[in-house]
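Here the structure comes first, spelled out in structure tokens, and everything after it is commentary.
The values are calculated or read from the model by the stated rules, or taken from the named source; none is laboratory data. Note that the structure is a prediction, hence the values are computed from the model and not measured. Glycine gets a Cβ as well: all are built from the backbone with ideal geometry, and neighbour counts include every protein chain shown.
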Amino acid sequence: MISYFVSFLIIGSIYAIAALALNLQWGFTGLMNFGIGAFYMLGAYTSAILTSGPTTEHIGGFGLPVVAGFIGAALVSGGVAFLIGFPALRLRGGTFAIALLAIHETLLLVVRNESWLTNGVWGIRGIPRPFFEVVNPKHYGYIYLIIVGGLLLLIYLAIAKAVRSPWGRILRGIGEDEDLTSMSGKNCWSYKMQSFIFGSMIMGIAGAAYVHYTGFVSPQVFNPLMSTFIVWLMVMVGGTGNNRGVIAGAFLVWAIWVGSDFLTDFVPAAVATRIGFIRMLFVGIILGITVLTRPQGILSGEKRN
Amino acid sequence: MLKVNKINKHFGGVQAICDCTLEVEKGTITGLIGPNGAGKTTLFNVITGFYKPGSGQIHFNDEDITGLQPYQIFRRGLFRTFQITREYKEMSVLENLLLIPKGQVGERLWNVWFKAKTIAEQEQENLDKAQEILEFLEMKSKKDMPAKHLPGGEKKLLELGRMMMVDLDMVLLDEPGAGIPPILQNKVLDYIKKMSRERGLTLFVVEHDMNVIMNLCDPIIVMTDGSVLTQGSPEEVRSDKRVIQAYLGQNPSEHHT
């Protein structure tokens, strides 16, 4: 039970990292990134390929240290964001969102089919878990929780500092009124690009954090529901533009998501097999309640920070 | 200082600006008047890079600025205010001002984490300046209020406050007096005159209030139907029959001639 809870906290923290990144892009800059999963996936696969041991099934087996995996994940996600940003940042609002969604689906197809690179649907195994050898495997969760928790704290502090600075003020300005910001002498395109790249790098780091916990990665994890839409839910429930709020939102949504598993014991068998749909219903209800009663998010009333 | 040469701009079939040519001399407060729909605000939008002109050139300080991005034009020292006020609604009044200064150290992401001290010093400088401006505009008590809660007149003042945050060569003011209480209006107009006299700031002002225009501006340019009708001193413009016609419609006796 306790290890279940630790596992919940680890995955919750990883989602919280992704939610912070989305909050930077959407909550502050107004970039409707519906391709979170793409950067999450890029980070996950980059780190997996860089750090896993020798293999004949796919490219890689570089066996680099885990830290290199994290750095590589951030660089590849950021680099791809830079390339995508050139055409995509010309689009505004909903069209940007659709473009990113399409890019995610395209990259997902590449990952599924280019098995020389990613081993296709079979996935990559044997991804190293940091400090796995030095502790009792039974207690490994605690170690990883400390790593991921520290990462979350570090990223939270970095983002909180950035959005309070003049840099963040310009992002908020763009989020509110891009034309006015441009007429105030700020190169909006450059700032949108910076926000897009920085946020996407953090999403890549979240992906790396995921694979070094599970030790395995396959394309199933990166369907838009589990890698993009759930993060949007977390941000909306937590409070768009509120960093502490979206962390709380991430844990709350994730708690409801995994908590619904426990329900299977208490409901008739016919319903239990459909629990996956019921959890979506729950999450939908939570979103509805939040939007109706606390449109600023569960931690509303706090100043933006 | 500002030369507009044969600018054309149309939206679909509507010719908003038609072969418009005009010049604003350095150090003057030039007025721009004309009936509604004459193209004054569109001209401002074209000059500041918000719209691309269909044809023609704009020179500012002897440099061709046609087709530059709005932020590039701002950086050359040309600023504008809006007829319908624009402000960052969710930001505080103070933040609305703090965003404006050019080249802040903290505008670079890397510096945010590694040059915190320099940024803090610069922020304090800008903060002092902003407080001073708010005091002048009699808005100091509202500095932490989200700008969306300001009454219309004070939103107008906030735009002027933004202008005061930076050193500029030229400012385009779109109806600066509208919606401001008369006493404060005088204060603001005095400030504009003072800026012009002491710092050589060039101003180009659209205004509907004829008292403001006649007291503040010289020369005055009159626009109708997207091009310049005439220009001259306040007296000349006031006595020009064509100007009166443009405002009041064509004289019936001259119809069909």
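Of note:
- Wholly within region A:200-305, helices (runs of 4 or more DSSP H) carrying at least 3 residues that are crowded, with 21+ Cβ neighbours inside 10 Å: A:230-238, A:243-262
- Verdict on A:T181 being assigned to a helix (DSSP H, G or I), out of contact with any Cys (no Cβ under 7 Å at 6 or more places or on another chain) and either more than 22 Å from B:M163 (Cα to Cα) or facing chain B (nearest Cβ under 8 Å) (or both): no
- Selection of region A:144-173 for residues being within 19 Å of A:I11 (Cβ to Cβ) and surrounded by 17 or more Cβ atoms within 10 Å (Cβ to Cβ) yields A:Y144, A:L145, A:I147, A:V148, A:L151, A:L152, A:I155, A:Y156.
- Subset of region B:219-235 (residues that are within 29 Å of B:K187 (Cβ to Cβ) and over 16 Å from the mean Cα position of the chain (by Cα)): B:P219, B:V222, B:M223, B:Q231, B:G232, B:S233, B:P234, B:E235
- Selected residue (only one of B:L43, B:L109, B:L97, B:L68 is on the phi < 0 side of the Ramachandran plot and modelled with pLDDT of 95 or more): B:L97
- Residue selection: B:L43 fails the criterion of being more than 14 Å from every other protein chain (Cβ to nearest Cβ) and in contact with a Leu (Cβ under 7 Å, 6 or more places away or on another chain).
- Among the residues of region B:130-151, those that are away from chain A (no Cβ under 14 Å) and not hydrophobic (A, V, I, L, M, F, W, C) comprise B:Q131, B:E132, B:E135, B:E138, B:K140, B:S141, B:K142, B:K143, B:H149, B:P151.
- Restricting B:G56, B:G37, B:G67 to those that are surrounded by fewer than 21 Cβ atoms within 10 Å (Cβ to Cβ) and in contact with a Cys (Cβ under 8 Å, 6 or more places away or on another chain) reduces the list to B:G56.
- Looking across A:G53, A:G12, one residue alone is assigned to a loop (DSSP other than H, G, I, E, B) and not hydrophobic (A, V, I, L, M, F, W, C). It is A:G53.
- Reported count of residues in region B:89-117, each being within 7 Å of chain A (Cβ to nearest Cβ) and part of a helix (DSSP H, G or I), is 7.
- Residue in region B:131-153 that is charged (D, E, K, R), farther than 20 Å from B:S233 by Cα, surrounded by 17 or more Cβ atoms within 10 Å (Cβ to Cβ) and in contact (Cβ under 8 Å) with a residue 12 or more places away in the chain present: yes
- Flag if A:L117 is assigned to a helix (DSSP H, G or I), under 18 Å from the mean Cα position of the chain (by Cα) and surrounded by fewer than 21 Cβ atoms within 10 Å (Cβ to Cβ): no
- Residue within region B:52-68 that is part of a loop (DSSP other than H, G, I, E, B), touching a His at 6+ places or on another chain (Cβ under 8 Å) and of a type in the set (G, A, S) present: yes
- Scanning region B:70-81 for residues that are surrounded by fewer than 21 Cβ atoms within 10 Å (Cβ to Cβ) and either away from every other protein chain (no Cβ under 11 Å) or in a loop (DSSP other than H, G, I, E, B) (or both) returns B:R76, B:G77.
- Members of region B:3-29 that are within 18 Å of the chain's Cα centre (by Cα), basic (K, R) and part of a strand (DSSP E or B): B:K3
- The set of residues in region B:228-244 that are without any contact (Cβ under 8 Å) to a residue 24 or more places away in the chain and either in a loop (DSSP other than H, G, I, E, B) or among the polar types (S, T, N, Q) (or both) comprises B:T230, B:S233, B:S239, B:D240.
Listed here are the residues, each with its yes/no results for (1) in contact (Cβ under 8 Å) with a residue 40 or more places away in the chain; (2) assigned to a helix (DSSP H, G or I); (3) closer than 21 Å to A:T228 by Cα; (4) among the hydroxyl-bearing types (S, T, Y).
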{"position": "A:A48", "(1), (2), (3), (4)": "yes, yes, yes, no"}
{"position": "A:G69", "(1), (2), (3), (4)": "yes, yes, no, no"}
{"position": "A:G78", "(1), (2), (3), (4)": "yes, yes, yes, no"}
{"position": "A:L83", "(1), (2), (3), (4)": "no, yes, yes, no"}
{"position": "A:L100", "(1), (2), (3), (4)": "yes, yes, yes, no"}
{"position": "A:L108", "(1), (2), (3), (4)": "yes, yes, yes, no"}
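- The number of residues in region B:9-43 being more than 24 Å from B:Q245 (Cβ to Cβ), in contact (Cβ under 8 Å) with a residue 40 or more places away in the chain and in contact with a Ser or Thr (Cβ under 9 Å, 6 or more places away or on another chain) comes to 7.
- Residue in region A:152-174 that is away from every other protein chain (no Cβ under 14 Å) and either farther than 19 Å from A:V66 by Cα or assigned to a helix (DSSP H, G or I) (or both) present: yes
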